[in-house]
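First up is the structure itself, then whatever we jot down about it.
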Amino acid sequence: MLDTTVWVAQGFLALFFFAAGVPKIVGRGIDRWVGFDQVPRIMTIVIGVSEVAAAVALIVPGLIDRLEWTTPLAAVGIAVISLMASGFHLRAREWLAALETVLWASLAGTIAIARWDQLATGPSLSEDLLVPVLLALVPAIIVNLVFLARATSPAQTQDSSGPKHAGSGSARR
């Protein structure tokens with residue numbers, strides 16, 4: 001049960017970060033992500049490459065039965081990137097986006113713990129603890145994404161010629 005649950009969570013995490021990283025690398029669709037107009041282009045590319053590399057390292061090693069030790073490290077990397085994004089959103093007083101990034105970091109951290117045995121022979125947490133945590137985090141992230149999409153999807157305007165309200169993008173991170 002643990003392995004299946006962790007694989008589903010890894011796939012969910014990898015899919016999101018792959019989809020989030022590619023636009024940052026290619027520079028198309030980046031306008032949907034709040035705050036990247038304030039970040040130098042080279043830093044945006046580095047963030048995107050990190051996200052895509054981590055997404056690949058979450059899935060591919062398990063599929064090819066080689067380099068499995070990279071999976072918990074990739075999960076830790078995603079947790080760090082997500083927590084750094086949380087700080088950005090907190091400074092901008094974007095509470096829902098900050099919550100989203102904290103949830104992604106929590107999911108990534110839980111995956112790192114679940115896959116830690118691939119990295120070291122050190123102690124691991126029991127399946128009885130990890131499965132409920134994963135089963136709570138994934139729906140929490142989905143619910144938060146729905147609320148975030150609802151809060152930001154309609155482009156609201158002050159009037160037909162006025163500027164858009166702050167935070168009227170279609171996705172945030």
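Listed values, structure above:
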| read-out | value |
| --- | --- |
| Unmet requirement for Asp37, which otherwise passes all of (1) open to solvent by 40 Å² or more (accessible area, probe 1.4 Å); (2) farther than 24 Å from Leu134 by Cβ; (3) under 14 Å from the mean Cα position of the chain (by Cα) | (3) |
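Residue by residue, here is whether (1) without any contact (Cβ under 8 Å) to a residue 24 or more places away in the chain; (2) open to solvent by 60 Å² or more (accessible area, probe 1.4 Å); (3) assigned to a helix (DSSP H, G or I) holds:
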position: Pro23; (1), (2), (3): no, no, yes
position: Gly48; (1), (2), (3): no, no, yes
position: Leu63; (1), (2), (3): yes, yes, yes
position: Ala74; (1), (2), (3): yes, no, yes
position: Met84; (1), (2), (3): yes, yes, yes
position: Gly87; (1), (2), (3): yes, no, yes
position: Leu103; (1), (2), (3): no, no, yes
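The values are calculated or read from the model by the stated rules, or taken from the named source; none is laboratory data. As the structure is a computational prediction, the values presented were derived from the model and not from experiment. All Cβ positions, even for glycine, are placed from backbone atoms using ideal geometry, and neighbour counts span all protein chains on display. Accessible surface areas use protein heavy atoms only, side chains included; no ligands, DNA or RNA. Shrake-Rupley method; radii C 1.70, N 1.55, O 1.52, S 1.80 Å.
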